[in-house]
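Written below as structure tokens is the structure these notes are about.
Every number in this text was worked out from the coordinates using simple rules, so none of it is lab data. Owing to the predicted nature of the structure, the values given are computational and were not obtained by experimental measurement. Here Cβ is always computed from backbone atoms with ideal geometry, including for glycine, and neighbour counts include all displayed protein chains.
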Amino acid sequence: MAVVQQALADYGPPVYVRHQIVHNAYVVRSLEEQGAVFVEDVTDVPPGALLILSAHGVAPSVRSSASDHDRIVIDATCPLVTKVHREAQRFAEDGYDILLIGHAGHEEVVGTFGHAPERIQIVSDSEDLASVEVRDPSRVAWLSQTTLSADETSRTVAALRSRFPLLTGPPSDDICYATQNRQNAVKLIAAQSDLVLVIGSPNSSNSVRLVEVALASGAGAAYLIEDASGVESDWLCGVSTVGVTSGASAPEILVHGVISRLNALGFTDLETVGSTEETQRFAMPR
């Protein structure tokens, strides 16, 4: 979000953005009101215009075509996604078949696939896992989408390793630290909560995963809501404790809005639960 706001301040509107800069409807609407124009394809961007590539990353071919027609291009790919891109390139150059764990069609997975399309197979479910075929079982590597459930990814890696005992992986975890921290925190509150509310948009992979983690960790019920208007009073019948969390791309203003809504409905005792303090900061792209 900050990248688009800075570009609008420096260059003025319109600023074009390929796909949603992050998967959050509130953020996208806010930026549109400030002069951002979201497009699905770089060919929709006029010559000479400023174009921002979203945090989910793109294939090299998209980056190349983005620069055509004297467009000014700012690459806002998340550094954690860039890390996966580099790992894909390195494994491909070393002759590995790469098994990319993720959701087929997700923008991040599409972008990563584009860095080594001749070497990568996407593993989205058990059917994909069963149909995997490789050239050399001793040279197989796995990578993952950064917004998956860490537990789910670990189970998939274990299943892959049962087929390919020499399976290798990235030198460090691909799961985004913000995604992992939220999953850890949800595990702490879920068993104590009759209801867990996850604030995020339906197309936010990490937000959807938080609902799944909450249910798997003992929450009586869990729902994904975009903002305070999504809180259904019927959900609160017989409920004494509500857990509230948010996806990595949901702004804090939405969290405060949900808490205010719960306060108005009688849930006035607030306890903050967290497992890790986030201190990671990324510099603005050039």
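Tabulated data
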| quantity | calculated |
| --- | --- |
| Leading residue at positive end of dipole, the chain (Cβ point charges), from Val37, Pro137, Ile253 | Pro137 |
| Dipole magnitude of the chain, debye to nearest 20 (Cβ charges: Lys/Arg +1, Asp/Glu -1, about Cα centre) | 580 |
| Sites excluded, GluC sites (Glu not before Pro) in DSSP loops with at most 11 other C-beta within 10 Å, longest stretch of the chain | 134-231 |
| Positive-end residue of Gln5, Gly48, Asn24, charge dipole of the stretch 2-77 with Cβ unit charges | Asn24 |
| Sites Asp128 and Tyr223, calculated FRET efficiency, Cβ-Cβ separation with R0 25 Å, nearest 0.05 | 0.30 |
| The stretch 122-184 versus the stretch 12-36: alpha-carbon centroid distance in Å | 32 |
| Approximate spin-label separation Tyr177-Glu232, in nm, with each point projected 7 Å along Cα-to-Cβ | 3.8 |
| Max mean-square fluctuation residue, GNM over the chain, Cα-Cα springs under 10 Å, options Thr43, Thr153, Thr245 | Thr43 |
| Linear extension gain, Arg163 paired with Asp136, 0.36 nm per residue minus alpha-carbon span | 8.5 nm |
| Read-out Rg/Rh (Cα atoms, Kirkwood Rh), derived from the coordinates shown; its label in (i) 0.97; (ii) 1.64; (iii) 1.00 | (iii) |
| Per-selection metrics, the stretch 177-264 (Cα): Rg and Dmax in Å | 11.7, 35 |
| Length-normalised contact order for the stretch 116-171 - Cα pairs under 8 Å, 6+ apart - percent | 41 |
| The chain: most fluctuating residue of Leu160, Leu270, Leu262 per GNM, C-alpha cutoff 10 Å | Leu270 |
| Theoretical FRET efficiency, 1/(1+(r/R0)^6), r = Cβ-Cβ of Ser30 and Thr268, R0 25 Å, to 0.05 | 0.30 |
| Translational diffusion coefficient (Stokes-Einstein; Kirkwood radius from C-alpha pairs) of the stretch 12-54 at 37 °C, 0.692 mPa s, in µm²/s | 317 |
| Centre separation in Å (Cα based) which lies between the stretch 208-247 and the stretch 42-91 | 36 |
| Whether the stretch 126-192 is rounded, prolate or oblate, judged on the alpha carbon gyration tensor where a/c under 1.5 counts as rounded | prolate |
